[in-house]
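Data first, discussion second: the structure below is written as structure tokens.
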Amino acid sequence: MLETLRTTEAAGQLRFRDPAKAKELAQALDKVTADVGRAPVSVMHVCGSHEQSIAKFGLRSILPKTLNVIMGPGCPVCVTDVPEVDEAVVLAQDGLRIATYGDMLKVPGTALSLADAQSHGAHIDVVYSAAEAVELARDTTDEVVFFASGFETTAVATAAVVLAEPPANFSVLSAHKYIPPVMEIVAEMPGTKVEGFLAAGHAATITGSAIFDRFVDRHHIPVVVAGFEPLDILAGLVKLVELVRDGTPRVENMYPRCVTPLGNRNAQQQLWRVFRTVGGMWRGIAHVPNGNLRLRDEFARVDTRKKFRIDVKRLWNNAPSTLTQLCMCGDIMAGIASPSHCSLFGKECTPDNPVGACMVSSEGTCRIWHQYGGHPDL
Amino acid sequence: MSVTLKPGTSGLIGRDEIVTLKHGAGGRAMRTLIQETLAAGFLDAPASGIGLAAMDDGAALKLGDRWLVVTTDSHVVHPVFFPGGDIGRLAIAGTVNDLAMMGATEPAGLTCAVILEEGFRRSDLERIQRSMLDTCREAGVTVITGDTKVMGRGELDGIVINTTGVALTDRVVPDSGLLPGDRIIVTGTIGDHGIALMARRHAIAFDAPLESDVAPINALIRAALAAAPGEVTAMKDPTRGGVASALHEMAEKSGVEIVIEEPAVPVHPVVRSAAEMLGLDPFHIANEGKALIGVRPASAERVLAALRAHPRGSEAAIIGTVSDAHAGRVVLDTGLGRRLLAEPEGEPLPRIC
């Protein structure tokens, strides 16, 4: 038994889904956006969970038409790069059991996704937590590789199992990503239109909101930390556009029920004890200095990349992909381009056969455009 | 120590050239595969009836002045025994319900074909059989013929059960008959079956009991049809693919738009919490004892009252309205805003973000 769900939690959430309060906030957002005095105002969220909530609750239909809320480098799953998926696919083909989160299955590699590898007979276990992957390893003599993805929040959970003496047949193939550096990339992108960032509340519970102070000092772009319930997002947007309107860039914490300025020190210690940052490609975006989390050398025993020699080149011989070079996700995420500007959109790149990050995730900009034909007037 | 792995299998096959689990998830991929392969050449409807071309829950053949409704379903489920039911109950209820969805609520008989894996426990088989017998009694039907095969170890996963049902009815209700103005009724809470199974598979415990809703609902449907004769325009049971897939099929085949009021949709609190935690949408989760019913607006309250008077329909609710705005579109009004209700692609999987 891994988890006991408390059904009272659902009732608690309803407080942050009150339609009457949402309407008030939507009106406030209309007003403050109009007060900026120019259109459109472009802000970016950097978390798939924000887009998930915006889409799930239909919030786009009540946002001001002159407020452009751009989906940023979004969910960690989408930005998992092709070679990282290839590593997992190769290991799966070689008969290792791959334990991973459900949404990693569809992320395309050079030739195959893990779901494709599974269709060809590979043994893929969908797990719900790092702890479940360890349980899996304890129950078998097979080699179990935990293909771990997620931002710093999820990486803490991986760090915890690495520190808890996992069995010898367990190792971690880390595709974990670290959010703060990619905000620098977006801010520095030539022609970027992003005037403010909505930062991910759950990542900030670990890192603390003060981590964004340096970013604001350097780029003079406001950052608002927001939670994921509809009222959290709307209140976060109101605060963010206020800061844009007033020309007073600073960090505001609109998720104080979970986030403190300094964050969770214990979790940070665990995270940095196990992981170090290295530079690496984020799919469709850019090479992000210090954007990837890799296991430190002292944990080589549980590091899949140290434990096995992974020959991803054989996949490249099969189907070298040049499509990813044509993908415009980076520009789309920076608010410079729309999906309709991309030559792959709807042709080589579809929800069934996604090329870039924005088509992989069910909440990605391209995916939503493809499915709904842009943002239909509902 | 570094270990060099042996090269993997060569000869990669394109992802469109083999069948994948996505094709079995009850959504668009499955319908396309069936239309392009299995149903090709069989798509001509029989004279005055509903055939394969309709891709409905079953077929209907004119027999004198009545209709013979036929439906078949193969059942696989993991685990075989799950909270609230087992594969035996599922196999009986699934086929009885498919008949009922066509308006045939008094099944004349069922066939039952069982394929077993070598090594399957006899006691488990007996337990499944008792469950089938109980479910048959509940539905007022019996098994009239069958077939049994045993395959080698590893050649299938435990047990597969196919059931076929036949029934006579005076009026066939298709899944394509929705008319602008119709109201949409769901007969109870959604997502119970899929979440109960997923929780068992992932060893997630709840602080409140959650069981699959698997049950024969032909008596419930009979009550609804009797409450407003001729007024029910379409029915579908939201099994694989959940309520979202079923609504899409109904909207597309009927050439109408459906607007669903999310706050009106009954969802068990445990299902809501679990779906939230697992990153799943209750609209995408399978049900095995629920129906979506389209009914003329003037009769909606009467049908609702009849459903609520039945123990299996006590949580029934009017959840939506049909219009001619955009054919094939399903819109969800969340109470906060509006969005399109997407169909699930592939098997719903727990996600992290």
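The values are calculated or read from the model by the stated rules, or taken from the named source; none is laboratory data. All figures in this text were calculated on a predicted structure; none of them were measured in a lab. Positions of Cβ are backbone-derived with ideal geometry, glycine not excepted, and every protein chain shown enters the neighbour counts.
Per-structure values
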read-out: Failed item in (1) modelled with pLDDT under 95; (2) under 28 Å from B:Leu133 (Cα atoms); (3) within 14 Å of another protein chain (Cβ to nearest Cβ); (4) not in a helix (DSSP H, G or I), with B:Gly194 passing the rest; value: (4)
read-out: Search result, residues across the stretch A:95-139 that are modelled with pLDDT under 95 and among the β-branched types (Val, Ile, Thr); value: A:Val107, A:Thr110, A:Val126, A:Val127
read-out: The listed residue being in contact with a strand residue (DSSP E or B) (Cβ under 6 Å, 6 or more places away or on another chain) and within 11 Å of chain B (Cβ to nearest Cβ), out of A:Leu67, A:Leu96; value: A:Leu96
read-out: Qualifying positions in the stretch A:330-361 - within 14 Å of chain B (Cβ to nearest Cβ) and either touching a residue at least 60 places away in the same chain (Cβ under 8 Å) or in a loop (DSSP other than H, G, I, E, B) (or both); value: A:Glu348, A:Thr350, A:Pro351, A:Asp352, A:Asn353, A:Pro354, A:Val355, A:Ala357, A:Val360, A:Ser361
read-out: Flag for A:Asp30 being farther than 25 Å from A:Ile185 by Cβ, without any contact (Cβ under 8 Å) to a residue 24 or more places away in the chain and not basic (Lys, Arg); value: no
read-out: Residues located in the stretch A:122-132, provided they are more than 8 Å from every other protein chain (Cβ to nearest Cβ) and assigned to a loop (DSSP other than H, G, I, E, B); value: A:Ala122, A:His123, A:Ser129
read-out: B:Glu155 vs. criteria farther than 30 Å from A:Tyr128 by Cα and either outside the structural domain of B:Gly85 (by TED's automatic domain parsing) or of a type in the set (Asp, Glu) (or both); value: no
read-out: Residue check for A:Thr100: under 21 Å from A:Tyr178 (Cα atoms) and hydroxyl-bearing (Ser, Thr, Tyr); value: yes
read-out: Cβ pairs under 9 Å, 6+ apart, first in the stretch A:154-165 and in the same structural domain as A:Ala204 (by TED's automatic domain parsing) and under 16 Å from A:Arg301 (Cβ atoms), second part of a loop (DSSP other than H, G, I, E, B) and at pLDDT below 95; value: A:Val161/A:Ser129
read-out: Selection from the stretch B:202-214 of residues that are at negative phi and either touching a strand residue (DSSP E or B) at 6+ places or on another chain (Cβ under 9 Å) or away from chain A (no Cβ under 14 Å) (or both); value: B:His202, B:Ile204, B:Ala205, B:Phe206, B:Asp207, B:Ala208, B:Glu211, B:Ser212, B:Asp213, B:Val214
read-out: Of all residues making up the stretch A:14-63, the number that are surrounded by fewer than 20 Cβ atoms within 10 Å (Cβ to Cβ), within 14 Å of another protein chain (Cβ to nearest Cβ) and in a loop (DSSP other than H, G, I, E, B); value: 1
read-out: One residue from A:Leu114, A:Leu105 being at the interface with another protein chain (Cβ under 8 Å from one of its Cβ atoms) and crowded, with 21+ Cβ neighbours inside 10 Å; value: A:Leu105
read-out: Helices (runs of 4 or more DSSP H) lying entirely in the stretch A:139-250 (those with 2 or more residues that are crowded, with 21+ Cβ neighbours inside 10 Å and polar (S, T, N, Q)); value: A:152-163, A:201-207
read-out: Residue in the stretch A:281-293 that is more than 19 Å from the chain's Cα centre (by Cα) and in contact (Cβ under 8 Å) with a residue 40 or more places away in the chain present; value: no
read-out: Enumerated strands (runs of 3 or more DSSP E) restricted to the stretch B:264-353, each holding at least 1 residues that are touching a Phe, Trp or Tyr at 6+ places or on another chain (Cβ under 7 Å), buried (at least 22 other Cβ atoms within 10 Å of the Cβ) and basic (Lys, Arg); value: none
read-out: Residues within the stretch A:262-278 that are touching a strand residue (DSSP E or B) at 6+ places or on another chain (Cβ under 7 Å) and either hydroxyl-bearing (Ser, Thr, Tyr) or modelled with pLDDT under 95 (or both), tallied; value: 1
read-out: Residues that are modelled with pLDDT under 90 and within 19 Å of A:Val126 (Cβ to Cβ), drawn from the stretch B:269-300; value: B:Ala274, B:Ala275, B:Glu276, B:Met277, B:Leu278, B:Gly279, B:Leu280, B:Asp281
read-out: Matching residues in the stretch B:322-338 - criterion: being at the interface with chain A (Cβ under 10 Å from one of its Cβ atoms), under 20 Å from B:Ile293 (Cβ atoms) and over 24 Å from the mean Cα position of the chain (by Cα); value: none
read-out: Within the stretch B:226-243, tally of residues that are among the hydrophobic types (A, V, I, L, M, F, W, C) and crowded, with 23+ Cβ neighbours inside 10 Å; value: 4
